[in-house]
Each structure stands twice: as structure tokens, then as C-alpha cells.
Amino acid sequence: MENQVAESKNFIEQIIEKDIEEGCYEHITTRFPPEPNGYLHIGHAKSILLNYGLAGKYNGSFNMRFDDTNPTKEKEEFVDSIKEDIKWLGADWEDRLYFASDYFDKMYEAAIKLIKKGKAYVCDLTADEIREYRGTLTSPGKDSPYRNRTVEENLELFENMKDGKYADGEKVLRAKIDMSSPNINMRDPIIYRVAHMTHHRTGDKWCIYPMYDFAHPIEDAIEGVTHSICTLEFEDHRPLYDWVVRELEYPHPPKQIEFAKLYLTNVVTGKRYIKKLVEDGIVDGWDDPRLVSIAALRRRGFTPESIKMFVELCGVSKSNSSVDYAMLEYCIREDLKLKRPRMMAVLDPVKLIIDNYPEDKVEYLDVDNNQENPELGTRTVPFCRELYIDREDFMEEPPKKYFRLFPGNEVRLMHGYFVKCESFIKDEDGKVTEIHCTYDPETKCGTGFTGRKVKGTIHWVSARHAVNAEVRLYENIVDEEKGKLDEEGNLNLNPNSLTVLKNCMIEPDLARAEPAESFQFVRQGYFCVDTKDSTKGKPVFNRIVSLKSSFKLPK
């Protein structure tokens, strides 16, 4: 049994447990280190939950740190949105909220230390020249003509860089490693650059900024991070990570571990693509429900529990793979099906009149909120002579196996009575405007009527009590048949990604719903109240997901 448990652990857990057994670390610390240059997406959720989950599993600490070393793209708006996303997912950093910019002084001192050790130098080559000198995957690089400057000269030049004496790009500080290394990242990488930019936290204090590959290991080491877990594209950067912490002589160096990113089929996660969609007005912001930013998924109606389930199903591995979006939809259905009430909403209404029902009578029918979960209780729904039903639930000339309303056919009104279609009225364009029925008062739901059976059951709302609502139906923003990108690298957009229905009719209890509250609309799908555009008494509903899917979990 013990072997079976061991085998179920992912490779990161195996590494951590080995480190604990060997006494490498007394206390496990992980971190999530986003750059505040955009909104987080579903892939980031995997990293957040992985790092937070590992810290919890090994009774360790989870740090939240913004890697704000590039002021050209960073905004306070992104800082705020990222914090909100992480809190929503349930990852608690407690009092450990950090910023890379907190350590700029220490990073500057670290660079000085490398210069004094003869491990860093100021270089005057342009960006193009540095690229040319670097060599290729098959040919070694060559030394910069400035590589052998003296320690004193480098200290003076680097101080001048800090004091703003050079223009952007005029000089850089490079690590002095090995220009013939088979790993291009080790060929004297740039560790500091001149950038006369105002930083969102430090203002104009600095005009030089550390490069990510230099800053990141220092941040981890300062914070006591033990396992620096990142995605596979940083695997080739690990030797540089290790070089930095080794040369700076940190007593408990962190260990970098890489895992595979989470890729979803046919979704847009690239920041430049989303930025263009926002700027072109194709979506109404980074939280548009057609996107898979965490903010968008939250607004669409996904729950933290559904995201956690999805991440767990995806697992942790060393090899990149893509996951079908249908699996994410499966997870939200599974999460909501027993939690949320099942309400009646008519998305494309047509009036149904029960000719033999008293005109002024109103009945209040007792209805289970969720037949699969009695704990959700019951509610009362008004029923009267005039109702709305969905247009697709009536056909003048039905095909075979159509069991809903058509002339002469009888169906059950959900929670109510049997009604039989007697006639219907059309307008001058041939569109049905009224359906006239008769009802059988003996057939009321819950009375135990067994006289005869009907094959069809349709939902409805009372016309006298119904509330008008806007409903938004979403499809993938990318045209799934054409693929994500065209030949020129532009997005193949789905013209039907958003359908807005303005005249939907909902039962009165739905009109009192709060922003972000979600429901199942019977026979339609799961919907939630939009957090941006809803107003009191005038809700806007986003469809989270339809009711049915062909997706099945792999065995």
C-alpha cells in the first residue's frame, strides 16, 4: 500500500520529500511571482494552486511576490487585479506580500559583489552587437572587447550607470561566465540595463533595472524560498539561476524545478492578443467572459472549486500537452449541479394562453429548488392563465419524435398541469404570437394523477409576474474550425462568440439575484448574474456553460 501512495505523488512532491528526508531544508517555502504587466489567466491558476498546495501539504509558507523589474509594462491596475484573482482562488499569502522592487538596493549590492569578484563587467556593445557576439546554437560566442575591464573601472562605470550618466542602451552590466558555453543563456548574460523610466513603486529613484534572470534567484534567496517552481521554458535558464545564487554565496540556496505549462485548446491567453482585442473593442475588457483570464472566468460564473478540480485533473508533469476546453466545462457542471437552484427562464418567449383557466386566478406552486439536493429547499412559483414558453417548444408541423407542443398534442407544464394545444395565432409575417391551450385541472403536479401520461414536459413563466432580463450566450472567441491563427498570425475570430438576448422572461425570484449569483436555468444551462452590467431589479445573465457535453473523463 505504501508503494501505491508513493507512486501517486507527482515528481515535484517526490523531490521535496527527498529534500526533507536528507535535511536540505528545515521549512518549505514556495512562491507565486507574477509580473504585473497583465491579467492572470487559467495557466497561472495552475501555478498558484500548485505552489500554495505544496506549501500547505508540507506545513510550509507561501509567498506572494510581484516581479516588478520592468517598469515599461507594469501598472498598479495589474497589481490589484492579480491580488484579487489569487484571493478568489483561495491562496492565502498571509503577511508575506513582497515586491522585487523591495530588493533593488540589495540587487545593486549583489551586482557590486560580482564586479569585485571579477564576475561582472560593464559592456558598451549595442544590443545588436551583443546578439552578434553571442554566437548560435552550433557556434560559440566571442568575447566582448570590454570583457577585461578592471574591477575599478567597472565599479566606476556601474556607479555612473546608476547616477544617470548614460542613455538607455548605452551601457549594460553583464555576468562574466563563459562565451563558449553550449547553453546560450550562460554566454555573459546581461544582468542590468539602463532604463530612464518611472517605476510604479520606486518612482524615479532608479534609472537602472535588473534583468529577470538576475533578479529572480536573488528574490527567492532573500525570501528563503526553498523550491522555486516555474514552467518548462525556464529549464535552460536553471544553470544561470544556480550560478547567481552560488556566486552570491547565499547560505541556503533555493532549488529551481520546472513543470509543464497548462495549455487549453483554441483559447486566447497571449497578452498581446488580448490587449489588441481590448483596444479594438472586440471584447469589453480583460474580464470579458469570452476570455480565459481568471477575472473573465470569475465574471462568466466559474467557481474557485471548479478551477481547482480542473487543475487537479490536469495533473503535474514534465511534458507539454494541450487540454480540451470541454474538460473545464465539465468541472463547472460537476461543481454547480448539486449546489445551485434550478429556475425557470424563457429565453425566446411566445405567449401561451390557457383558455379555460380563470382570468383572475393566481396559484402559487411549490417547487423543489434542486430535485437532486433536497437541502436547497423549495420556493413558490406563480401560475396563471397567461404564460410564456420558449418558442422552440411549439411547432406547427412537427417532425417525428417531437414531443413538445403542437396542434392537438398534450404536454405537462413543469410543476403544473397538462395542457393541450387547441389553436395558435400568427402575425402578418407568419410568426406565431399566441398559442391557445386548454388545461385539465385534475392533472396538477404532486396530486398523484395517474389517469394518462404525456411524453413532453416544458418550462414556462407567468406572464403577469415575469421580469424582463438580458441574457448573454457565449461561444469560443476563436473560430474552432479554422484554428486559432490565420496565415498572417492574426486571430481567426468567431463572429458568433456573443449573442445578446434582450427580451427574456424570468421568474420573479431571479430578478432579486445578486451580482455573481448563479443558477441552473432548466433545460438551458448554467447562468450567473453579470458583475459589471446588472442593476438592481434588472439583471443581466451570462451563460456559464450549457447543460450537456460529449466530454467524458479518461478512465
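The values are calculated or read from the model by the stated rules, or taken from the named source; none is laboratory data. Just so you know, these numbers come straight off a predicted model, no measurement behind them. Cβ placement follows ideal geometry from the backbone for every residue including glycine, while neighbour counts extend to all protein chains displayed.
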Conditions (1) in a helix (DSSP H, G or I); (2) more than 20 Å from Lys117 (Cβ to Cβ); (3) of a type in the set (A, V, I, L, M, F, W, C): number failed by Phe158: (2)
Matching residues in region 370-392 - criterion: being farther than 15 Å from Leu352 by Cβ, in a loop (DSSP other than H, G, I, E, B) and out of contact with any helix residue (DSSP H, G or I) (no Cβ under 8 Å at 6 or more places or on another chain): Gln371, Glu372, Asn373, Gly377
Filter result (among the charged types (D, E, K, R) and either surrounded by fewer than 19 Cβ atoms within 10 Å (Cβ to Cβ) or in the same structural domain as Asp393 (by TED's automatic domain parsing) (or both)) within region 329-341: Glu334, Lys337, Lys339
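A quick yes/no check of all residues on (1) in a loop (DSSP other than H, G, I, E, B); (2) on the phi < 0 side of the Ramachandran plot; (3) in the same structural domain as Lys119 (by TED's automatic domain parsing); (4) more than 37 Å from the chain's Cα centre (by Cα):
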site	(1), (2), (3), (4)
Gly164	yes, no, yes, yes
Glu170	yes, yes, yes, yes
Ser181	yes, yes, yes, yes
Tyr192	no, yes, yes, no
His196	yes, yes, yes, no
Arg201	yes, yes, yes, no
Lys205	yes, yes, yes, no
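If a residue has to be of a type in the set (Gly, Ala, Ser) and outside any loop (DSSP other than H, G, I, E, B) to count, how many in region 435-471 make the cut? Give the steps one after another, and end with the answer.
Of region 435-471, the ones of a type in the set (Gly, Ala, Ser) are 446, 448, 451, 456, 462-463, 466, 469.
Filter once more, so that each one left must be outside any loop (DSSP other than H, G, I, E, B): 462, 469.
Total satisfying the criteria: 2.
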Would you check which residues across region 120-151 are over 41 Å from the mean Cα position of the chain (by Cα), basic (Lys, Arg) and either surrounded by fewer than 17 Cβ atoms within 10 Å (Cβ to Cβ) or not in a loop (DSSP other than H, G, I, E, B) (or both) and list them? Lys142, Arg147
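Residue-wise test of (1) assigned by TED's automatic domain parsing to the domain that holds Leu376; (2) over 15 Å from Ala345 (Cα atoms); (3) of a type in the set (Lys, Arg); (4) surrounded by 15 or more Cβ atoms within 10 Å (Cβ to Cβ).
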residue	(1), (2), (3), (4)
Arg412	yes, yes, yes, yes
Phe418	yes, yes, no, yes
Glu470	no, no, no, yes
Asp486	no, yes, no, no
Leu501	no, no, no, yes
Arg512	no, no, yes, no
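Here's a check for you: in region 245-297, which residue that is among the basic types (Lys, Arg) and over 14 Å from His44 (Cα atoms) is farthest from the chain's Cα centre (by Cα)?
From region 245-297, those among the basic types (Lys, Arg) are 246, 255, 261, 271-272, 275-276, 290; that's our starting set.
Filter once more, keeping what is over 14 Å from His44 (Cα atoms): 246, 255, 272, 275-276, 290.
Details: Arg246: 36, Lys255: 28, Arg272: 16, Lys275: 16, Lys276: 18, Arg290: 11 Å.
Per the criteria, the residue is Arg246.
Residue under question is Thr265, and the condition is that it be of a type in the set (Ser, Thr, Tyr), touching a residue at least 12 places away in the same chain (Cβ under 8 Å) and closer than 18 Å to Phe104 by Cβ; does it hold? Outline the logic, then answer.
Details: of a type in the set (Ser, Thr, Tyr): yes; touching a residue at least 12 places away in the same chain (Cβ under 8 Å): yes; closer than 18 Å to Phe104 by Cβ: no.
Criteria not met by Thr265.
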